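Worksheet for the structure shown next.
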């Protein structure tokens, strides 16, 4: 069986460093907002050449706290791609804001700059770009449009640790940039976790307060905050893995290159462009017989996933919000996409076997 992912195997190389670090962690006895969290925050900020990083409970909280920190008027509109994972939209709704969906490019699956400006109105207060599947958005035209309209850009970088657009890392473009450290991410913890990067010291201080009951000084609460802090134990594990992130991403790119080179042309593979350094959090193909392909591969002992089977505007929880609106490009992607094995647990021989079966299909 070739699984879609095997986290135990993916983390095998870190097992001994994890165990040794955990022993020291137990002896130290600092578990919340302690030295391991501060160490990882500094390291993650330094990796991105950013001054401020804040560890929070998960990727959704990173988005919610970022939006809260902007202090926007309820009912303000936030532009977001129509094919994103639902968390991007849930974050907007969680703070009484209105998501405005913009279609993606069909070749990159990221927000289409050519469709962006038409969706900007008097209530538009931010643009949330989503670097989906490990590919950065087309940031130059997006930033130009945002600058011209004086609208801040927020990045949902949950799937793009280490990805670059024209040499510049994801998470370094926007005013507030959110990451997830969910275990399957390119930089994944052994539980939930999230982070926010920013260059703005005031926003850094605001989220520092919001994540900790609205408090910077213990027992003095200046904001209506929440409890959303990256645990020190998860920060410790992430610090061990962070120096290997580029190597882990290179491994994914090497596996992805086999798919792109060897798969028959009736499978639509991710577009290749020298302006983008992709990290392939997800390696997806599109095929008109996606469901039959998924079943066929399962019968051959190959695990796959669908990211994502239902377009956001078709989700039951959101259908009233987008009633009467259609997003054909997004729906085409959701109806035809299939995610293939492509992670640290996989070897080249695994990928060649997947390719063989897909081409036979």
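At a glance:
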| item | result |
| --- | --- |
| Selected from 61, 138, 24 as most flexible by GNM, with the chain as the system and alpha-carbon contacts under 10 Å | 24 |
| Pair residue 253, residue 288: separation of 7 Å Cα→Cβ label points (nm) | 3.4 nm |
| Burial ordering of 1, 139, fewest other beta-carbon atoms within 10 Å first | 1, 139 |
| Fewest-first ranking of 72, 101, 9, using other Cβ atoms within 10 Å as the exposure measure | 9, 72, 101 |
| Highest-first arrangement of 349-360, 168-179, 140-151, where packing means the average Cβ count within 10 Å | 168-179, 349-360, 140-151 |
| Length added when fully stretched, residue 8-residue 218, from 0.36 nm per residue minus Cα-Cα | 71.8 nm |
| Computed FRET value (nearest 0.05) for residue 90 with residue 123, which takes r as the C-beta separation and R₀ as 22 Å | 0.65 |
| Rounded to 5, the percent of DSSP beta bridges in the chain classed as antiparallel | 60 percent |
| Cα-Cα P(r), segment 231-361, percent of pairs per 10 Å interval | 11, 34, 29, 21, 4 |
| Highest average packing first - 230-242, 319-331, Cβ atoms within 10 Å | 230-242, 319-331 |
| Gap separating the Cα centres of segment 158-231 and segment 259-300, nearest whole Å | 31 Å |
| Choice from 82, 160, 228 with maximal GNM fluctuation in the chain (Cα, 10 Å cutoff) | 228 |
| Pairwise centroid distance, computed over Cα atoms, of segment 64-97 with segment 336-356, Å | 34 Å |
| Square roots of 5 times each gyration tensor eigenvalue, C-alpha, segment 1-120, largest first, Å | 36, 22, 14 |
| Share of Cα-Cα pairs in segment 7-243 lying beyond 24 Å, as whole percent | 43 percent |
| Relative contact order of the chain, pairs being alpha-carbon contacts under 8 Å that are 6 or more residues apart, as % | 22 percent |
| Residue 26 versus residue 352: modelled label distance in nm, points set 7 Å from Cα along the beta carbon direction | 4.4 nm |
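No value in this document is a laboratory result; all are computed from the given coordinates. Please read all numbers here as calculations on a predicted model, not as lab measurements. Please note: Cβ atoms are built from the backbone with ideal geometry, for glycine as well, and neighbour counts cover all protein chains shown.
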